Amino acid sequence: MQRSDFIAVNEPLLDGNEKKYLTECLDTGWISSEGPFVQRFEQAFSTRVGRKWGVAVCNGTAALDAAIEALGIGPGDEVILPAFTIISCIGQIIRCGARPVLVDSDARTWNMDVNQIEAKITPRTKAIMVVHTYGLPVDMDPVLAIAKRHGVAVIEDAAEAHGQTYRGHPCGSFGDISTFSFYPNKLVTTGEGGMIVTNDDGLAATCYSLRNLCFQPQRRFVHERLGWNLRMTNLQAALGVAQLERMDEFATRKRTMGKRYTELLSDVAGLQLPLAQTEYADNIYWVYGLVLADDVDFDAAEAMKKLASLGVGCRPFFCPMNQQPVLLERGLFAGESYPVAERMYRNGFYIPSGLALTEAQMTRVAEAVGSILK
Ligand SMILES: *Cc1c(COP(=O)(O)O)cnc(C)c1O
């Protein structure tokens, strides 16, 4: 196998106005976060997802960290989140002294099972964090109803859901505070980058301040709160503005790719393919995930090894939070089990899903997947 034949798990498309806008940054000398593309990107993006405020930050993890801090979550508080997610969701919950409380997944949609949330609410619950995972949104109506009933905030991690909607409304428009990532495997990329969006003036002001070390306008080097430097550069925002111009096109392309993979793979035995739709959304196939049936005699790790030897790059599904060494070491989740999430980790992985993927590459990937399951 020639190395140039290897099909990478993700390759972005950067052939719109990216170069033009980056050149503009260089030509004008505006490369820091003070440059004009940052506000342009914040306004255009927050408008696209139907929010009043957008706070651009350096990555999606930082957006989540700031969201937790802005909501005033701290020692003794509890935050409910899915077991099946990225470590970014839980970091600041732990660092601030709050307690993460996990919910298992729905085996069909791969999202958090919203029927399990209410049983986890206690007087200490401050927020429910939802994470739209792999292409379908979380079933938001029940979550919003529970949050309202119990007076808790909703944090919406929409890092995998640019361009996706829930019952016709954009993902990112549901949380008291919602967050995005613009890492290169996301639908809109800035290389590294993230954004917090909200309609709440107070939360927005706090996030702007937290992003910039909580400098004070009047007494710049006197601080009344500890912030971070989470600023996004003008260079990143220039990429973001160019990418955002193509978000609809990208979303359509992902859906077309997802449907094509489903056609190519529907006859392969031993695989659960992504659900095409639910009553509230059509899958946007942010990544094209596969879950091996229990009667397949190898697991996801083995499948990925076989596929790599055939020149196909894959990624494992998330490792559930209750199986993370770094969290167990802290005495978290001892004896807790989330069987759906654990099985998804054991049997799940995703195949090349980047926007630059060609039809010929998809056919080769599908053939490789078919061949390892013969
Ligand atoms: C990518 C991702 C993040 C983290 O974003 P970074 O920009 O890589 O820090 C957070 N949450 C979810 C669901 C993600 O997919």
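Quick rundown of the values:
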item: Burial ranking of peptide ranges 10-16, 150-156 (average Cβ count within 10 Å, highest at the top); result: 150-156, 10-16
item: Dimensionless Rg ratio for the chain, taking C-alpha atoms and the 2.2 N^0.38 Å reference; result: 0.99
item: Centre separation in Å (Cα based) which lies between the range 134-183 and the range 308-374; result: 23 Å
item: Total charge dipole magnitude, the range 131-232, about the Cα centre, Cβ charges on Lys, Arg, Asp, Glu only, Debye to nearest 20; result: 360 debye
item: Highest average packing first - 260-268, 190-198, Cβ atoms within 10 Å; result: 190-198, 260-268
item: Rounded accessible area per residue of the chain, 1.4 Å, Å²; result: 43 Å²
item: Positive-end residue, the chain charge dipole about Cα centroid, Cβ charges, pick of PHE317, VAL130, ALA341; result: VAL130
item: Of PRO352, VAL369, GLN236, farthest towards positive along the dipole that unit charges on Lys, Arg, Asp, Glu beta carbons give the chain; result: GLN236
item: Axial C-alpha extent at least 30 Å, average Kyte-Doolittle at least 1.0 - helices from the chain (DSSP); result: none
item: Fraction of accessible area attributable to carbon and sulfur, the range 1-93 (%, probe 1.4 Å); result: 53 percent
item: Environment charge of LEU265, counting only residues whose C-beta is closer than 12 Å and scoring Lys/Arg +1, Asp/Glu -1; result: -1
item: Radius 14 Å from Cβ of GLY202, net charge of other residues (Lys, Arg +1; Asp, Glu -1); result: -2
item: Net charge dipole size for the chain [Lys, Arg +1 and Asp, Glu -1 on Cβ; Debye, nearest 20]; result: 640 debye
item: Dipole magnitude of the range 1-154 about its Cα centre (Cβ charges: Lys, Arg +1; Asp, Glu -1), debye to nearest 20; result: 420 debye
item: Ordering of 284-293, 222-231 by packing [mean C-beta count within 10 Å, highest first]; result: 284-293, 222-231
item: Stokes-Einstein D (µm²/s) once Rh is taken as the Kirkwood radius of the range 247-372 over alpha-carbon pairs, at 25 °C in 0.890 mPa s; result: 155 µm²/s
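The values are calculated or read from the model by the stated rules, or taken from the named source; none is laboratory data. Only a predicted model underlies this, so the values are computations on that prediction, with no experimental measurement involved. Counting neighbours? That spans all protein chains shown, and the Cβs are built from the backbone with ideal geometry, glycine included. For the accessible areas, the whole protein counts, side chains as well, though only heavy atoms, and no ligand, DNA or RNA atoms are used. Shrake-Rupley method; radii C 1.70, N 1.55, O 1.52, S 1.80 Å.
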